[in-house]
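Some notes on the structure that comes next.
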Amino acid sequence: MKLEIARGLFLVGALGIASLALAAWEQPRTQVLSAMQGTGHCPLPRVAKVSIPAKPDHELLLFMFGMSQGMRPQS
């Protein structure tokens, strides 16, 4: 087999795999969950005990927001 034919087949195969990967790639979208979609609360397991109310760590939330903004394309 000639080198040009092998290169052509390799290029066609690589483009086919890249197009399949692009078609299969699903990027999650941001969406707001409302109470209409469920029961309005997050059910806890029966063995879970809620003794101390949870307080959000604002520095962690700010870090997670910054990381998600950094992953966005620059357009």
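The values are calculated or read from the model by the stated rules, or taken from the named source; none is laboratory data. Treat the numbers as computed from the prediction; the structure is a model and nothing was measured. Remember, those area values only see protein heavy atoms, side chains included, never the ligands or the DNA or RNA. Shrake-Rupley method; radii C 1.70, N 1.55, O 1.52, S 1.80 Å.
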Members of the range 9-30 that are open to solvent by less than 100 Å² (accessible area, probe 1.4 Å) and under 30 Å from residue 69 (Cα atoms): 18, 19, 21, 23, 24
Residue that is nearest to the chain's Cα centre (by Cα), among those in the range 15-30 that are modelled with pLDDT of 70 or more and assigned to a loop (DSSP other than H, G, I, E, B): 27
